[in-house]
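Below: one structure, written as structure tokens.
The values are calculated or read from the model by the stated rules, or taken from the named source; none is laboratory data. Note that the coordinates shown come from a computational prediction; the quantities given were computed from them, not determined experimentally. All Cβ positions, even for glycine, are placed from backbone atoms using ideal geometry, and neighbour counts span all protein chains on display.
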Amino acid sequence: MAASSETKGEGTLRKAFGGVLGFFILLLIGALAFSIRLFSVIKYESVIHEFDPYFNYRVTQFLTKNGIYDFWNWFDDRTWYPLGRVIGGTVYPGLTLTAGSIWWLLNNLNIPLSVETVCVFTAPIFSANASWATYLLTKEVKGTGAGLTAAALLALVPSYISRSVAGSYDNEAVAIFALIFTFYLYTKTLNTGSLFYATLNALSYFYMVCSWGGYTFIINLIPMHVLLCIVTGRYSPRLYIAYAPLVVLGTLLASLVPVVGFNAVMTSEHFASFLVFIIIHVVALVYYIKGILSPKMFKVAVTLVVTIGIAVCCAVLAILIALVASSPTKGWSGRSLSLLDPTYASKYIPIIASVSEHQPPTWPSYFMDINVLAFLVPAGIVACFLPLSDASSFMVLYITTSVYFSGVMVRLMLVLAPAACIMSGIALSEAFDVFTRSIKLQLPKLFESPPPGSGDIDSAQDEVVKVDNKAATDKSETAPKERPSKKNRKKEKEIVETTIKRPLKAKRLLVLPLEASAVAILLLIILGAFYVVHCVWAAAEAYSAPSIVLTSHSHDGLHVFDDFREAYAWLRHNTDVDDKVASWWDYGYQTTAMANRTVIVDNNTWNNTHIATVGTAMSSPEKPAWEIFNSLDVKYVLVVFGGLVGYPSDDINKFLWMVRIGGGVFPHIREPDYLRDGQYRIDAQATPTMLNCLMYKLSYYRFVETDGKGFDRVRRTEIGKKHFKLTHFEEVFTTHHWMVRIYKLKPPKNRIRGKSKKSKSNSKTSPSNSRRHGNLRKNPWQ
Amino acid sequence: MGRTSAAMAVFLFLLLSLFSILQLVSSSPEIRVLSAERRIDVTAPIARVFLTLKVENAGTSEVSEVLVAFAPTEAEHLAILKASVAEGKRKKKTYVPLSVNPSESPDAPNGAQLYSVSLRSPLKSGEATTVEVLYVLTHLLEPFPAEISQSEPQLVYYRDSATLLSPYHIVEQITSIKTPSNKVESFTRVDPASRVGSELRYGPYHDHGPYSYSPVIVHFENNNPFAVVEELVREIEISHWGSLQIRDHYKLKHAGARHKGVFSRLEYQFKQSVSGVASFRHLLMKLPPRVHSVYYRDEIGNISSSHLHIDSQKSELEIEPRYPLFGGWKATFTIGYGLPLQDFLFESHDGRRYLNFSFGCPLIETMVDDLTVKVILPEGSRNPTAAVPFPVDQHLEMTYSYLDVVGRTTVVLQKKNVVPEHNTPFQVYYDFNPVFMFAEPLMLISAVFLFFVACIAYVHVDLSIGKSS
């Protein structure tokens, strides 16, 4: 007895040390998650990245300058000219509100950080939060060890790094944290049955709804899990507590977000949750009645209810289906539909299909983004079944659905990453558990009696049982002491008891030979090392480029291409504040944020027709294009051209999408006119339509004079039409490496009395070229 | 309260002195200028005029002031006016600065502005002395044509008078104008006038009466960068932990002939000799030695084109705006750097500390239309006073920086029309108790301490409502 009390004391001490150690490990994991994302700041600079983050940054600037009420009512007239956009009602405000409050707090503490700095570092901060949330979630599923491993894996996972490097100020950065934290609170409620956590869960869901459109994943996944639990006979009051408040509170809260509003009850994305809500109540009722009635009476009642119930359900379902089917998209938004039917977007909505992150991923991208986790996930799934609890079944469901979604859209790899990390964390942790235990039990034997007998393993196994017993008693004794203030102790005891029984059966078998364990541990460490090396490489090389400033290494050192900002700064300082700038929609957000000029279309892509208009103008010949732009009040046209320095993602390479999107609305633009035998080319073989369209002309204007041949370094060919003049546009600015070219629309020419007749008659007989020539002669200064 | 009364006293004193000057001026008109030599340098966008006056007291009473007159257009653009007198012979010649004050005379015609130069010792009857005057005029060169295309050179007008505007009778005078190149389109002839190379010479003229004026226009090519800083805000933050942080916010403009029509990068890159001669691309900036952590950025991020050369005497920063500046184009940017505190902060005899820093703009050969210098003193400093060698507007404000509670007293100095001649040291004196240095670290320590106490309290307090056995 004395010995047991001694071990008990030792156990608590060890537990205390374990707690402190765990805390510091978590702290380090947070620091790791934060600092691995700083490569972009160190290698480049502290700057907002890419396209969407610039919009979020601009919204945050507005929020910090004008306050929350002006933000809700913000009508932005700088974009979608002449339509404008209601920003307050069409953005997910979570990210901006988060960064805005961080900035507000810091400034009230007199820490004068700029809005930009706060925005740049929001993503790394939330990655640290996300890794801590992963720890909590995995801990609920499989205990502390798995939690720490999963947190460490998530801190490094390249897929998440790609969206959350410093400067990548996008919704996903915050949303992944919200997603994991919501799942954590759900499993926590599921394990404890506490209404407190259920309420927190609804709040966390609210935060997720504020942050990202991906919240529909949660509101479909959780009902699926509830349904799974009910079907597999795992219904419990805890499940009810975990689910019912989430649906009621969560839906109420979600409809408070302006961008969601009544969608929270009107669209098909949310129907699953309501359906399951009904089902869980029916099931709860059944369980309740089952408790009251005798088995015989219950059987009678079941048959009675089932027959009536089925009839009613069928009627309701029929009405529902009829209602849903009557709407053209069947109540689904385009993006959701393209998830359910991967071919949908490419068939009907070229705008969604034109975005590279909406394409299905390739196999290498799986290896790139989750690396070794892809191989560990199956092991994790197996581990989740040993034993299968409510929480682990949830994780299994999470990973299977997210694998499907990631297969549809490369962008949703981001949802897969946390699941993969948790599964791999569980797998690694279980594996280490088994191997280290094997070594621990056999090592003392090895020193005591060098020749291992045949009964050795038996005795070792005996000891395993003892150790397990001891551990179990330790647990059962210390667990209630650990958190004496918690009200749900009873529930915890229940779990502890179940966990006591199961390991006895499971762990008995898991003693491996010493050498095998040692080698396996070594291999696992090497695997982990590879993962770390890959992640650091991905963070440093692949995902840190801000894309607005490019660098290249040449023999004489680093060369910086800062053309985008050169052009935006020029627009900002040297054009009138109300001038309208037309460009392809990719550059809309950047133009409004960096150049502070009004744009026609931007990356929000909410109005297909408007984008198609710009696409049509870009693919039309000069004069019609000028007319379109003039009717839109455009003063400057901005094109991105990579032919001089070999920058591949320029407008000529995106041009076919302009044609397609433009042609989708204006049928006179036909894609085959721009293709020679189905091939897209800009050399001498190109079609005349292609060589005369505005995009070609604006990109290659006077390009031939740079090298005498007009060799395009992206397309690796000489351009088709080399010497031409612009009649309706004039070059006003071209950046240092020619990557951005800005043209101004020439004012319409004065009509010269008497001449107009002549030129008209001219135009009947001769092509427009000669008329232009005639005009040119008349007015040598123009 | 004490400060305002002091300011009142100073103001009254100034008023009184002005009054006395007025009296003196009206009583001593008997001065004759024996010879006046004017050398006008218009090679830069700034016009610099060196004026050598040999004055003689032809009256009976003693004279202690000499008046210098400016036409209204000149007076408007006058940035600085300095006068000195040469002492000693030849090799040991030293220039002693004389004080200059604005003055008024009832008989000055057409709004001519007068400045009086106080002589070191009063000039007795019949005596003569030589006064050297330097004045700098900004925005006086008018581009003509006002709009040029990319390939054209920039031509400017310079307007002045062939004879020196003066309240005195001038016996002999000569004016020379130095233009940046031989390319002088035209100039008004007032015989005898001649042009040799890049120098125009008017005179010598003899015996011109007071306020004689004969306008001349010189039309010449000037492709020097017309870089004008429209607004410059300099923030100088003193930290007693050992560093001085400077942040300069520039609004730069090319104030020459406006750019017209097309900007072709092709021509700018491939025909550099003829294309964009009036534009500029680089600017040179002189920074103090031992400068560190220099940054150059604007509102959308770092500007990658700059070079820093540091040696023991000075540091030179060559900056390149994001795009070349043509006439009328603007750019804004911020330059910041740190400096070791011991080079600039000193303790005076009465125990006060003072900052000794250069006023004006570090960009060389650049004029500033509107300069604001903010000296942010450390938190807890009191009684700041600024000593600037020329008149500036000043007031105090509060700046809140890292974890400040009471805020940092900030001395704000404002001056319009600043030229490189204003790059002279100025001082800001203040009282500071070193205890305040530890306020913020102590605050942080106590915050962390309180956090841990709160954690301990939370762990040990049972907040649950129902106690179960």
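Considering B:62, B:87, the condition of being touching a strand residue (DSSP E or B) at 6+ places or on another chain (Cβ under 8 Å) and free of Cβ contacts under 8 Å to residues at least 12 places away in the same chain is satisfied by B:87 alone. Considering segment B:246-284, and only residues there that are under 17 Å from residue B:323 (Cβ atoms) and β-branched (Val, Ile, Thr), the residue that is farthest from the chain's Cα centre (by Cα) turns out to be B:262.
Condition check for residue A:734 on (1) surrounded by fewer than 18 Cβ atoms within 10 Å (Cβ to Cβ); (2) without any contact (Cβ under 8 Å) to a residue 12 or more places away in the chain; (3) not charged (D, E, K, R): one failure, at (1).
Scanning segment B:352-407 for residues that are more than 26 Å from the chain's Cα centre (by Cα) and free of Cβ contacts under 8 Å to residues at least 60 places away in the same chain gives B:380, B:381, B:382, B:400, B:402, B:403, B:404, B:405, B:406, B:407. If the condition is being within 14 Å of chain A (Cβ to nearest Cβ) and of a type in the set (D, E, K, R), then segment B:428-448 contributes only B:440.
For segment A:556-636, give me every one of the helices (runs of 4 or more DSSP H) that falls completely inside it and has 3 or more residues that are of a type in the set (Asp, Glu).
No helices (runs of 4 or more DSSP H) qualify here.
Can you list the helices (runs of 4 or more DSSP H) lying wholly within segment A:107-224 that have 2 or more residues being more than 14 Å from the chain's Cα centre (by Cα), touching a residue at least 40 places away in the same chain (Cβ under 8 Å) and within 29 Å of residue A:431 (Cα to Cα)?
Correct list: A:115-142, A:144-156, A:171-192.
For segment A:538-555, the candidate set comprises residues that are within 12 Å of chain B (Cβ to nearest Cβ) and part of a loop (DSSP other than H, G, I, E, B); within that set, the residue that is nearest to residue A:631 (Cα to Cα) is A:548.
With touching an Asp or Glu at 6+ places or on another chain (Cβ under 9 Å) and part of a helix (DSSP H, G or I) as the only criterion, which of A:24, A:62, A:71, A:34 stands out?
Details: A:24 fails: touching an Asp or Glu at 6+ places or on another chain (Cβ under 9 Å); A:71 fails: touching an Asp or Glu at 6+ places or on another chain (Cβ under 9 Å); A:34 fails: touching an Asp or Glu at 6+ places or on another chain (Cβ under 9 Å).
That would be A:62, the only listed residue that is touching an Asp or Glu at 6+ places or on another chain (Cβ under 9 Å) and part of a helix (DSSP H, G or I).
Residues checked against (1) assigned to a helix (DSSP H, G or I); (2) without any contact (Cβ under 8 Å) to a residue 12 or more places away in the chain; (3) touching a helix residue (DSSP H, G or I) at 6+ places or on another chain (Cβ under 9 Å):
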position: A:265; (1), (2), (3): yes, no, yes
position: A:275; (1), (2), (3): yes, no, yes
position: A:290; (1), (2), (3): yes, yes, yes
position: A:315; (1), (2), (3): yes, yes, no
position: A:319; (1), (2), (3): yes, yes, no
position: A:322; (1), (2), (3): yes, yes, no
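Take segment B:203-260 and flag every residue that is among the small types (Gly, Ala, Ser) and under 30 Å from residue B:402 (Cβ atoms). Spell out how you get there, then give the answer.
First, pick out the residues of segment B:203-260 that are among the small types (Gly, Ala, Ser): B:203, B:209, B:212, B:214, B:227, B:239, B:242-243, B:255-257.
Hits for segment B:203-260 are B:239, B:242, B:243.
Inspection of segment B:294-308 finds a residue satisfying the criterion of being away from chain A (no Cβ under 13 Å) and at pLDDT 90 or above. Of the strands (runs of 3 or more DSSP E) that lie entirely inside segment B:62-106, not one contains 3 or more residues that are β-branched (Val, Ile, Thr) and farther than 13 Å from residue B:120 by Cα.
Which members of segment B:285-320 meet the condition of being among the basic types (Lys, Arg) and either over 24 Å from the mean Cα position of the chain (by Cα) or assigned to a loop (DSSP other than H, G, I, E, B) (or both)? Walk me through it before giving the result.
Within segment B:285-320, the subset among the basic types (Lys, Arg) is B:286, B:290, B:297, B:314.
Passing the criteria: B:290, B:314.
I need a count of the residues in segment A:702-752 that are among the hydroxyl-bearing types (Ser, Thr, Tyr), more than 14 Å from residue A:640 (Cβ to Cβ) and outside any strand (DSSP E or B).
Start the filter on segment A:702-752 by keeping residues that are among the hydroxyl-bearing types (Ser, Thr, Tyr), which leaves A:706, A:717, A:727, A:734-735, A:743.
Next, only the ones that are more than 14 Å from residue A:640 (Cβ to Cβ) stay: A:706, A:717, A:727.
Cutting the leftovers down to outside any strand (DSSP E or B) gives us A:706, A:727.
Within segment A:702-752, residues that are among the hydroxyl-bearing types (Ser, Thr, Tyr), more than 14 Å from residue A:640 (Cβ to Cβ) and outside any strand (DSSP E or B) number 2.
Comparison of B:233, B:184, B:156 shows that the only residue that is within 21 Å of residue B:257 (Cβ to Cβ), modelled with pLDDT of 90 or more and not aromatic (Phe, Trp, Tyr) is B:156.
Is there a residue in segment B:224-236 that is polar (S, T, N, Q), in a loop (DSSP other than H, G, I, E, B) and buried (at least 18 other Cβ atoms within 10 Å of the Cβ)?
Step one: of segment B:224-236, the residues polar (S, T, N, Q) are B:224.
Narrowing further to those that are in a loop (DSSP other than H, G, I, E, B): B:224.
Next cut, buried (at least 18 other Cβ atoms within 10 Å of the Cβ) only: B:224.
Yes, that holds for at least one residue.
Matching residues to (1) touching a Pro at 6+ places or on another chain (Cβ under 9 Å); (2) more than 14 Å from chain B (Cβ to nearest Cβ):
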site: A:71; (1), (2): yes, yes
site: A:75; (1), (2): no, yes
site: A:78; (1), (2): no, yes
site: A:82; (1), (2): no, yes
site: A:85; (1), (2): no, yes
site: A:89; (1), (2): yes, yes
site: A:95; (1), (2): no, yes
site: A:102; (1), (2): no, yes
site: A:107; (1), (2): no, no
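Taken over segment A:664-709, the criterion of being surrounded by fewer than 16 Cβ atoms within 10 Å (Cβ to Cβ) and within 14 Å of chain B (Cβ to nearest Cβ) is satisfied by A:705, A:707, A:708. Restricting segment B:366-376 to residues that are buried (at least 16 other Cβ atoms within 10 Å of the Cβ) and of a type outside the set (Val, Ile, Thr) leaves a set whose member that is farthest from residue A:577 (Cα to Cα) is B:374. Taken as a whole, the structure leaves residue A:583 outside the set of residues that are more than 31 Å from the chain's Cα centre (by Cα) and at pLDDT 90 or above. Looking at A:20, A:59, A:86, just one residue is exposed (fewer than 13 other Cβ atoms within 10 Å of the Cβ) and at pLDDT 85 or above, and that residue is A:20. Only one entry of A:573, A:534, A:559 meets the criterion of being within 12 Å of chain B (Cβ to nearest Cβ) and modelled with pLDDT of 90 or more, and that entry is A:573.
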